[in-house]
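Throughout, read-outs are computed from the coordinates displayed, never taken from laboratory work. Quick caveat, the model's predicted, so the values are computed rather than measured. Neighbour counts are summed over all protein chains in view; Cβ atoms, including those assigned to glycine, are modelled from backbone coordinates with ideal geometry.
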Protein chains: 2
Amino acid sequence: MIIEVDDRENSVLNGELEKLGFECVVKRLKVGDYVYKGVCIERKTIDDFCGSIIDGRLEKQVERMKNEFEKNFVLISGAIKDRSSEIKENCILGMMVGLMMKSGVYVGQVDNNKQMAFMIKRICERFDEECSTNVKGGEKNV
Amino acid sequence: MIIEVDDRENSVLNGELEKLGFECVVKRLKVGDYVYKGVCIERKTIDDFCGSIIDGRLEKQVERMKNEFEKNFVLISGAIKDRSSEIKENCILGMMVGLMMKSGVYVGQVDNNKQMAFMIKRICERFDEECSTNVKGGEKNV
């Protein structure tokens, strides 16, 4: 499985992805941090997530993702209670609900890079399964 | 805002919901733990979530939710690392991805009952906003 990785991403997660069988192609991505076929993943620590709510970056990122990709994910590592940002927890929770219900973006939360890598792997596998089901369904209808 | 609550649910969360302006109608629900109009919410601690993967309950619950309600949520309190269950973390992560991508269920994760109550409130408000937008959109098209 070949995944495109933005060159500003940390290499620890790339190492975890490689352990799971991915080949990481590092390049400057216009949108998202990880791209696999029609899947775009924006990866954030809980503090990045808070920061991007405060400065309005998150909404712009999500808009660009939605314009370019079929399935879009924001994957957060760390719990709300672990943030060092002073943003109120209600703002974070409200943004999570908005991403899911208004923007149609999948939101996942994990504890660390190892879990993040495995979640990314399952997302990519599931996407491939869906594509293969759709193709089979299409063939039946021919 | 009136929300229906299964009578087997813990009253601490109901107290938090009441603080946020909900009126909780406690009754025996056939599906889910919290129901607000077309929204069904299954609430789980991380250990409940693990247990319901192991015994296969979760998949049945989700199937029933999808048959009855428009928008379905599984809200988990606690992080994967905090579980006392011996289930492997990859099973948990795989189930989360399956719920989101295969079953079309929204998955949210929070730290405690206070955050859970606020997330439920935002979900219900967002649902009302969507309904009102749909009605307005419909009127325009008449």
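Numbers for the structure displayed
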{"item": "Mean Cβ neighbour count within 10 Å, used as a protection proxy, ranking B:85-94, B:112-121 highest first", "result": "B:112-121, B:85-94"}
{"item": "Shielding by partners - mean other protein chain Cβ count within 10 Å, residues of A:26-33", "result": "0"}
{"item": "Intensity falloff of the range B:2-141 expressed as log10 I(q)/I(0), Debye formula with alpha-carbon point scatterers, at q = 0.11, 0.12, 0.17, 0.21 Å⁻¹", "result": "-0.42, -0.49, -0.95, -1.36"}
{"item": "The protein assembly as shown: C-alpha gyration tensor shape, a/c 1.5 cut-off, then a/b vs b/c", "result": "rounded"}
{"item": "Copy-to-copy label separations for A:Ser11, where each label sits 7 Å from Cα toward Cβ, in nm and ascending", "result": "5.8"}
{"item": "Protection proxy ranking, peptides A:74-81, A:27-34, B:127-134, average beta carbon neighbours within 10 Å, highest first", "result": "A:74-81, A:27-34, B:127-134"}
{"item": "Sequence-separation-based contact order of the range B:2-141, relative, with Cα cut under 8 Å and 6+ spacing, percent", "result": "23 percent"}
{"item": "Lysines whose Cα lies under 16 Å from that of B:Lys27, excluding same-chain neighbours fewer than 8 positions away", "result": "B:Lys37"}
{"item": "Of all chain A residues, the one whose C-beta is nearest the axis that brings A onto B, in angstrom", "result": "A:Gln109, 2"}
{"item": "Listed pairs A:Lys102/B:Lys136; B:Lys66/B:Lys136; A:Lys102/B:Lys121 exceeding 20 Å between Cα atoms", "result": "B:Lys66/B:Lys136"}
{"item": "Helix-only [θ]222 nm of the protein assembly as shown, DSSP H runs n ≥ 4, -39500 (n - 2.57) each, per residue, nearest 500", "result": "-16000 deg cm²/dmol"}
{"item": "Pseudo-label separations to other copies for B:Glu70 - Cα-to-Cβ vector, 7 Å, nm", "result": "2.7"}
{"item": "Inter-copy label distances at A:Val26 (7 Å, Cα→Cβ; nm, one decimal)", "result": "5.7"}
{"item": "Gap separating the Cα centres of the range A:1-66 and the range B:31-103, nearest whole Å", "result": "26 Å"}
{"item": "11 Å beta-carbon shell around B:Met100, net charge (K/R +1, D/E -1)", "result": "+4"}
{"item": "Average beta-carbon neighbours from other chains, 10 Å sphere, peptide A:89-100", "result": "6"}
{"item": "Size of charge dipole - chain A - debye, nearest 20, with Cβ of Lys, Arg +1 and Asp, Glu -1, no other charges", "result": "240 debye"}
